[in-house]
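First up is the structure itself, then whatever we jot down about it.
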Amino acid sequence: DAGVTQTPRHEVAEKGQTIILKCEPVSGHNDLFWYRQTKIQGLELLSYFRSKSLMEDGGAFKDRFKAEMLNSSFSTLKIQPTEPKDSAVYLCASRTGGGQDTQYFGPGTRLLVL
Amino acid sequence: QEKVQQSPESLIVPEGAMVSLNCSFSDSASQSIWWYQQHPGKGPKALISIFSNGNKKEGRLTVYLNRASLHVSLHIKDSQPSDSAVYLCAVSMIPSSFSKLVFGQGTSLSVVP
């Protein structure tokens, strides 16, 4: 079985641009998570979907961050407009759906905003 | 808001040493505690989880959970250079199927040949 796939692996954007990150979860998984990872803040939850329904939108990240689950096998994270402080690694994870199930992470997208 | 603190921040050990990593959490109602391993340029990978007080052993890994002191530790026996990575402690927040994980800042481990 394929793991979680994320594209692109690297992205460079100018301040003010719109960027879209993509994620394909493990086939059959019902839960999907988007995280941001920085050295200072560590891993922060951006969004959480269960069976395509948005369960949590990460509070502080509502403003310019929008995650969508277009179907059970594809999700996007849009950042609009980008700011230099958005430079980070964006990770997507999925799990079967049980609360104690393992979350499987993708390799991440490294975003640099100039 | 659950808080997860890890120590030490970084650790360098010789190959073959026993490694001990610590994690403290703030909510005694937290459910499972997970340890993830993250190599540079990769996403975190789940290593081991524990739910009940006590210890759990899997291969070279042993995890100890003490809910009374809100503390969990991970021990790696006979460490190898391939164990060099960042280790993340994560706490499952609520006792339902809608649980999510709160992560600590991580411990960077270097195992020197």
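See the values below:
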| item | result |
| --- | --- |
| The stretch A:68-79: number of residues that are at pLDDT 95 or above and outside any strand (DSSP E or B) | 0 |
| Residue match in the stretch B:94-107 (condition: surrounded by 15 or more Cβ atoms within 10 Å (Cβ to Cβ), over 13 Å from the mean Cα position of the chain (by Cα) and more than 30 Å from A:Arg50 (Cβ to Cβ)) | no |
| Strands (runs of 3 or more DSSP E) (entirely within the stretch A:22-67) containing at least 1 residues that are free of Cβ contacts under 8 Å to residues at least 12 places away in the same chain and surrounded by 13 or more Cβ atoms within 10 Å (Cβ to Cβ) | A:42-50, A:53-56 |
| Where A:Thr102 falls short, out of the listed (1) more than 11 Å from the chain's Cα centre (by Cα); (2) within 25 Å of B:Val86 (Cα to Cα); (3) within 14 Å of chain B (Cβ to nearest Cβ); (4) in contact (Cβ under 8 Å) with a residue 12 or more places away in the chain | (4) |
| Residue match in the stretch B:46-53 (condition: crowded, with 17+ Cβ neighbours inside 10 Å and either assigned to a loop (DSSP other than H, G, I, E, B) or away from every other protein chain (no Cβ under 12 Å) (or both)) | no |
| Number of positions in the stretch A:3-21 that are more than 10 Å from chain B (Cβ to nearest Cβ) and either in a strand (DSSP E or B) or buried (at least 19 other Cβ atoms within 10 Å of the Cβ) (or both) | 9 |
| Flag if A:Val113 is over 11 Å from the mean Cα position of the chain (by Cα), under 24 Å from B:Ile33 (Cα atoms) and at pLDDT 95 or above | no |
| The stretch B:26-45 - residue that is in a loop (DSSP other than H, G, I, E, B) and under 19 Å from B:Val13 (Cα atoms) and, of those, nearest to the chain's Cα centre (by Cα) | B:His39 |
| The stretch A:79-97 - residue that is of a type in the set (S, T, N, Q) and crowded, with 20+ Cβ neighbours inside 10 Å and, of those, farthest from the other protein chains (Cβ to nearest Cβ) | A:Thr82 |
| Count of residues meeting criterion [over 14 Å from A:Glu44 (Cβ atoms), surrounded by 14 or more Cβ atoms within 10 Å (Cβ to Cβ) and not charged (D, E, K, R)] in the stretch A:68-78 | 6 |
| Residues satisfying the stated conditions in the stretch A:50-78, i.e. away from chain B (no Cβ under 11 Å) and within 20 Å of B:Ser92 (Cα to Cα) | A:Ser51, A:Leu54, A:Asp57 |
| The stretch B:71-82, residues that are buried (at least 18 other Cβ atoms within 10 Å of the Cβ) and touching a residue at least 60 places away in the same chain (Cβ under 8 Å) | B:Ser79 |
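The values are calculated or read from the model by the stated rules, or taken from the named source; none is laboratory data. Note that this is a predicted model, so its numbers are computed, not measured. Here Cβ is always computed from backbone atoms with ideal geometry, including for glycine, and neighbour counts include all displayed protein chains.
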